[in-house]
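A short write-up of the structure that comes next.
The values are calculated or read from the model by the stated rules, or taken from the named source; none is laboratory data. From a predicted model like this one, the values you see are computed outputs, not experimental measurements. As a convention, Cβ positions derive from the backbone with ideal geometry for all residues, glycine included, and neighbour counts pool all protein chains shown.
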Amino acid sequence: MAKYFITGIGTGIGKTLISAILTEKLKADYWKPIQSGDLEKSDSMTVSDLISNSKTIIHQESYQLTQPLSPHLSARLDGIEINLNDILIPDTENDLIIEGAGGLMVPLNERDLIVDLIKKLEVEVILISQNYLGSINHTLLSINLLNQYGIKIKGIIFNGDENRETERYIQQYAKIKKLGYVPGLINVDKQEIIKAADHILI
């Protein structure tokens, strides 16, 4: 079964939305290893509320941190330290969507970043980009880092306002496959998630 780690070029890029769309499209399981803050309305809860199929299993987070901060700091304030060895891929017979926290260089402890977690899990990445001034730089830096770590990239999904020139440049420069484009959704609900899945080829 396929396992994809969903990461973005920064925070607030739309990872949870795209994760819900991919989870619904593939009828995959969903797993957010580290939830930092918002425990009463976690990303796992959001995805669960947005999907329609009955096959998906929402797996328990490895770490539930109470503060909406960088995971390394939130963990410290909670009196714990995140240990990559404690983050184990759940057993499942379904495809699995794994949602990261923030971008690739988000610290998990004094040594490890999100990119180190991806490397440890040995899964392919789907990179989420968004069109804004500076997004080409942020996207290419993210792709370059993944390449440096030897992490395989399944492809890129663009979220939000469309900019065909930005998308064209990123694809031709980085030689990365575009998996789709998800336009800005006015009403994010189950029906919109199903419709949005048609924009993604995977």
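Can you spot a residue in the stretch 153-170 that is buried (at least 19 other Cβ atoms within 10 Å of the Cβ) and either of a type in the set (D, E) or under 23 Å from I82 (Cβ atoms) (or both)? Within the stretch 153-170, one or more residues are buried (at least 19 other Cβ atoms within 10 Å of the Cβ) and either of a type in the set (D, E) or under 23 Å from I82 (Cβ atoms) (or both).
Identify all residues within the stretch 12-35 that are among the polar types (S, T, N, Q) and within 14 Å of K190 (Cβ to Cβ); write none if there are none.
The first filter runs over the stretch 12-35 and keeps only residues among the polar types (S, T, N, Q), leaving 16, 19, 23, 35.
Across the stretch 12-35, the qualifying residue is only T23.
Taking the criterion of being surrounded by 15 or more Cβ atoms within 10 Å (Cβ to Cβ) and either of a type in the set (S, T, N, Q) or closer than 14 Å to I114 by Cα (or both), the residues of the stretch 131-142 that qualify are N131, S135, T139, S142.
So which of I97, I118 ends up being in contact (Cβ under 8 Å) with a residue 40 or more places away in the chain, in a helix (DSSP H, G or I) and under 29 Å from T56 (Cα atoms)? Before you say what the answer is, go through the steps one by one.
Numbers: I97 fails: in a helix (DSSP H, G or I).
None of the others qualify; the one that does is I118.
Per the conditions (1) more than 30 Å from E122 (Cβ to Cβ); (2) in contact with a strand residue (DSSP E or B) (Cβ under 9 Å, 6 or more places away or on another chain); (3) at pLDDT below 95; (4) of a type outside the set (G, A, S), the sole criterion not satisfied by H199 is (1).
Taking residues in the stretch 131-157 that are over 10 Å from I9 (Cβ atoms), and partners anywhere that are small (G, A, S) and surrounded by 15 or more Cβ atoms within 10 Å (Cβ to Cβ), the pairs with Cβ atoms closer than 7 Å and at least 6 places apart or on different chains are N131/G160; I157/G180.
Of the residues S54, S62, S36, which is of a type in the set (G, A, S) and out of contact with any helix residue (DSSP H, G or I) (no Cβ under 7 Å at 6 or more places or on another chain)?
Values: S62 fails: out of contact with any helix residue (DSSP H, G or I) (no Cβ under 7 Å at 6 or more places or on another chain); S36 fails: out of contact with any helix residue (DSSP H, G or I) (no Cβ under 7 Å at 6 or more places or on another chain).
Checking each option against the conditions leaves just S54.
Within the stretch 5-26, residues that are more than 22 Å from T92 (Cβ to Cβ) and free of Cβ contacts under 8 Å to residues at least 40 places away in the same chain reach no partner that is among the hydroxyl-bearing types (S, T, Y) and not in a helix (DSSP H, G or I) with beta carbons closer than 9 Å at six or more positions or on different chains. Quickly run through the stretch 44-90 and pick out the residues that are assigned to a helix (DSSP H, G or I), buried (at least 18 other Cβ atoms within 10 Å of the Cβ) and in contact with a strand residue (DSSP E or B) (Cβ under 6 Å, 6 or more places away or on another chain). Of everything in the stretch 44-90, those that are assigned to a helix (DSSP H, G or I), buried (at least 18 other Cβ atoms within 10 Å of the Cβ) and in contact with a strand residue (DSSP E or B) (Cβ under 6 Å, 6 or more places away or on another chain) turn out to be S44, V47, P71, H72, S74, A75. The single condition among (1) in contact (Cβ under 8 Å) with a residue 12 or more places away in the chain; (2) more than 14 Å from I136 (Cα to Cα); (3) not in a helix (DSSP H, G or I) that A196 does not meet is (3). With respect to (1) out of contact with any Lys or Arg (no Cβ under 9 Å at 6 or more places or on another chain); (2) under 30 Å from I89 (Cα atoms); (3) among the aliphatic types (A, V, I, L, M), the lone exception for L133 is condition (2). Among the residues of the stretch 109-130, those identified as surrounded by fewer than 21 Cβ atoms within 10 Å (Cβ to Cβ) and touching a Lys or Arg at 6+ places or on another chain (Cβ under 9 Å) are N109, D112, L121, E122, V123, E124.
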